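Laboratory data are not the source of any read-out in this text; all were calculated from the coordinates shown. Since the structure is predicted, the reported quantities are computational estimates derived from the model, not experimental observations. Cβ placement follows ideal geometry from the backbone for every residue including glycine, while neighbour counts extend to all protein chains displayed.
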């Protein structure tokens with residue numbers, strides 16, 4: 001197969017791992033900066049062009065779209081879809097997962113457990129919003145933040161009011177969420193490929209930090225999921241329409257809750273913590289899915 005990895009930087013760990021795993025299975029791989037792609041949008045011959053060359057011989061695409069370039073990145077993925085190219089994650093699913101509010105609404109509609117979450121526009125409604133989530137301590141999140149950025153823990157009512165007012169002053173859309181104190185700064189990352197959880201780890205936040213992201217000093221260890229957690233991770237991925245994703249869970253006294261679904265999860269932490277070759281699992285799934293999908297006519301070059 002000829003596989004294109006859409007990534008800004010071929011030297012990023014996850015991009016390099018995917019490339020190596022695909023090449024080890026005798027696939028031809030090209031890493032393409034999706035911001036350097038431009039598109040010919042026509043009914044009869046849609047194309048993606050890079051440096052003057054049309055990409056007409058791509059069999060499969062692995063999108064690694066950064067959060068700050070979601071709009072353009074998903075437009076490129078969508079163009080490949082128009083061309084009949086198989087994509088590991090479809091453009092609509094990536095966009096759906098990147099909007100935290102939309103994602104939580106979809107997860108809630110499908111009956112998945114979530115932390116109590118509130119959303120409001122006016123600062124005049126802060127008191128009601130805080131009551132909705134049970135009062136402080138609360139977590140305030142930007143609806144389009146990623147990797148722990150735009151996430152603040154407000155431990156008192158005054159702090160919560162100040163943080164919410166500051167974000168709204170910047171016209172930022174935010175979510176207000178209950179803080180799961182019993183989790184003790186830990187969460188679980190379940191890595192889903194297709195319809196299976198292929199690896200899972202527990203992340204522990206660094207001292208003085210409530211966010212468990214590894215690049216913020218958190219630590220990780222392999223963990224065995226309960227059947228309920230495993231099922232919840234797969235259901236969350238299916239709800240988003242994602243085939244390759246990281247589902248973040250937290251253990252609460254009410255059972256497991258979904259925190260977030262990440263459409264471009266990193267491989268370094270999960271592979272190191274679990275000693276699982278996740279990159280190869282992804283490539284194997286692409287091979288199988290590409291071979292068994294209904295054949296759609298390819299656009300002639």
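Some notes on this structure:
- With Cα atoms, 0 to 90° folded angle of helix 227-240 axis to the chain main axis: 60
- When all alpha carbon pairs of region 1-153 are counted in 10 Å bins from zero, the resulting P(r) reads 10, 31, 27, 18, 11, 3 %.
- In degrees, nearest ten, helix 13-24 long axis to first principal axis of the chain (Cα): 30
- Pair residue 127, residue 221: separation of 7 Å Cα→Cβ label points (nm): 4.6
- Viscosity 0.692 mPa s, temperature 37 °C, Stokes-Einstein D of region 142-203 from Kirkwood C-alpha radius, µm²/s: 233
- Descending semi-axes in Å of region 41-112, equivalent ellipsoid built from Cα gyration tensor: 28, 13, 10
- Kirkwood Rh and Cα Rg combined as Rg/Rh, region 2-89: 0.95
- With helices as the sole contributors, the chain gives -10000 deg cm²/dmol at 222 nm; each DSSP H run of n ≥ 4 counts as -39500 (n - 2.57), and the sum is divided by every residue.
- Region 224-301: C-alpha pair distances exceeding 14 Å, %: 72
- Label sites at residue 71 and residue 44, each approximated as a point 7 angstrom past Cα along Cα to Cβ, lie 3.2 nm apart.
- Cα pair distances exceeding 35 angstrom across the chain, given as percent: 23
- Counted over the chain, the DSSP beta bridges are approximately 80% antiparallel.
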